[in-house]
Amino acid sequence: MKPAAFDYIRADSAEETVSLLARHGEEAKILAGGQSLLAMLNIRLAQPAMLVDISRCKDLDYIRIEKNNLVIGAAATQASVENRATLAAEVPLLDMVFPWISHLQIRNRGTVCGSIAHADPSAELPLCLTALQGEVVLRSKAGRRVLKADQFFQGMLMTAVKPGEIVEEVRFPLRREKARYAFEEMSMRHGDFAIAALAVVVTDAAIELTVGGVADRPQRKCWPRLAGADLEGAINDFAWELEAQGDAHASAEYRRHLVRQLGRQLIAKASA
Amino acid sequence: MKLYEKHTTYPITLTLNGVQRSAPAEARMLLSDFLRHELGATGTHVGCEHGICGACTVRVDGVAQRSCMQLAVQADGRRVDTVEGLAVSTGGGADSELGDLQQAFKRHHALQCGFCTAGILMSSSHFLEQVPAPTEQQVRDMLSGHLCRCTGYTNIVNAVLEVAAQRGLVNKGRIEHA
């Protein structure tokens, strides 16, 4: 199918974008890389009256290190972050996750902030931002507010973005000293949506496990350095807390199984 | 800032395979449809229209991406390369000579029905510029963004790897011409 008709505005700057949103409110939808939005327009799941295209806003196309964060602007593509030579040293988890995100040809155009704003519960970037307790900067005509990942994601495709706001940038905390990271995902085929995706951060004091693709948003759990039956029990409790749902791809039971098995394997890998 | 109102056509100008082309389009027109219906460049095929199948992959400013997942208006002023541009022109039309990727696909039987081929060729052409000496696994990862229901991929992988090897040899000056 083809998109329903809309007005299209090519914005040249972030300031112009928030002014347009202030004027047009909920009628307007932001278009950046479009790798989720265009699919929704094509099947008419979304029929916005207006699109504001920010993909040519030069002041939103940046990747920089700032106050212990890797900061990524709204127009920066996933490929531009993935191809950053220093990424593995800066944010190791992000470096591990990119190959799992859809396909090369989609990452070439899709943006990091777009995936965060879309908030698909099985998407890897929201999982990564939650696991690292990153931040999202929302900007409107009135100013900016900064939310932690767990405040930003509110449910399936639901976020704290209010009418008039754009996701201006996201901030991924840099590698913590002595922390070890691991990531694993199960999907039907490479590049498909995750049936379950898990990220683990292990430090001297704690084990952090974040799960995507099971609940309606990524869920993070933090434990002291448990081991043996205590750890197994804690992962099992977490698997049940996620309230997994069965669908065409996998049963709820299988999803809990993946959380337990992959969780245990990843924690062992990151603890070794 | 530029506004394109709904139900109104605007001239879109882009450089298609090195030639400047212009045609009218509504804001909602996909780049894939613009190439095929307005510019007559039907080498780019349209499969799923939601980014999964990869048939419509073209290069925009050199970068492989889906033409069904962007609007024609977004490509205004850009350089767009499609499968039609892969052949080396020796006077145009039927006289054109297939490019090295196309020759390798033919040699290895890397296509049967050919529906997915244009997209795979465009992804491969960008990929080999980025990764001139790929491993088989890297080629397979790149191809994971393309659905082919005929070949089982093996012959496509072989063709891409052979071109990489040939170009490597050519670049090192060990053979005269690939």
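Throughout, read-outs are computed from the coordinates displayed, never taken from laboratory work. In this text, all values refer to a predicted model and were calculated from it rather than measured experimentally. So basically every Cβ, Gly included, is an ideal-geometry build from the backbone, and we count neighbours across all protein chains shown.
Structure above, values below:
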{"quantity": "Other protein chain Cβ atoms within 10 Å, averaged over every residue that makes up A:57-66", "calculated": "0"}
{"quantity": "Per-peptide average of other Cβ atoms within 10 Å, ordering A:57-67, B:67-77 highest first", "calculated": "B:67-77, A:57-67"}
{"quantity": "Shielding score for B:28-34, defined as the mean number of other chain Cβ atoms within 10 Å", "calculated": "3"}
{"quantity": "Low-density loop cleavage sites - GluC sites (Glu not before Pro) in the range A:238-272, where at most 14 other Cβ are within 10 Å (DSSP)", "calculated": "A:243"}
{"quantity": "The range B:24-178, Rg to Rh (Cα coordinates; Rh as Kirkwood inverse mean 1/r)", "calculated": "0.97"}
{"quantity": "Two-site label geometry, residue A:226 and residue B:61: point separation in nm, points 7 Å out along Cα→Cβ", "calculated": "4.9"}
{"quantity": "Cα convex hull of chain A - mean projected area over all directions, nm²", "calculated": "14.2"}
{"quantity": "Exercise: per-residue mean of other protein chain Cβ atoms within 10 Å, B:63-73", "calculated": "6"}
{"quantity": "Karplus 3J(HN,Hα) series, Hz, for the range A:2-8 with 6.51 cos²θ - 1.76 cosθ + 1.60 (x for Gly, Pro)", "calculated": "10, x, 5, 5, 8, 7, 10"}
{"quantity": "Descending principal axes extents, the range B:93-171, alpha-carbon based, whole Å", "calculated": "33, 31, 18"}
{"quantity": "Which of B:29, A:22, A:249, positive extreme of dipole for the protein assembly as shown (C-beta unit charges)", "calculated": "A:22"}
{"quantity": "Per-residue HN-Hα couplings for the range B:132-138 [Karplus 6.51, -1.76, 1.60; θ = phi - 60°; Hz; x = Gly/Pro]", "calculated": "x, 10, x, 7, 4, 4, 5"}
{"quantity": "Share antiparallel - DSSP beta bridges, the range A:16-109, percent rounded to 5", "calculated": "50"}
{"quantity": "Approximate spin-label separation residue A:150-residue A:178, in nm, with each point projected 7 Å along Cα-to-Cβ", "calculated": "2.3"}
{"quantity": "Along each principal axis, Cα extent of the range B:10-85, largest first, Å", "calculated": "29, 25, 19"}
{"quantity": "Cα-based helix-to-principal-axis angle, A:14-24 vs chain A, degrees rounded to 10", "calculated": "70"}
{"quantity": "Burial order of peptide ranges A:5-16, A:189-200, B:6-17, A:105-116 (average beta-carbon count within 10 Å, highest first)", "calculated": "A:105-116, A:189-200, A:5-16, B:6-17"}
{"quantity": "Normalised convex hull volume, the range A:140-272, alpha-carbon set, Å³ per residue", "calculated": "133"}
{"quantity": "Burial order of peptide ranges B:155-161, A:155-161, A:30-36 (average beta-carbon count within 10 Å, highest first)", "calculated": "A:30-36, B:155-161, A:155-161"}
{"quantity": "Residue-wise HN-Hα coupling along the range A:186-201, computed from phi with Karplus coefficients 6.51, -1.76, 1.60 (Hz; x: Gly, Pro)", "calculated": "10, 9, 5, 9, 4, x, 6, 4, 6, 6, 8, 9, 10, 10, 10, 10"}
{"quantity": "Calculated SAXS-style log₁₀ I(q)/I(0) at q = 0.24 Å⁻¹ - the range A:7-53, Debye, Cα scatterers", "calculated": "-0.85"}
{"quantity": "22 Å Cα-Cα threshold exceeded, pairs from A:178/A:269; A:148/A:269; A:67/A:148; A:67/A:178", "calculated": "A:148/A:269"}
{"quantity": "For the range A:63-184, radius of gyration divided by Kirkwood radius, i.e. Rg to Rh on alpha-carbons", "calculated": "0.94"}
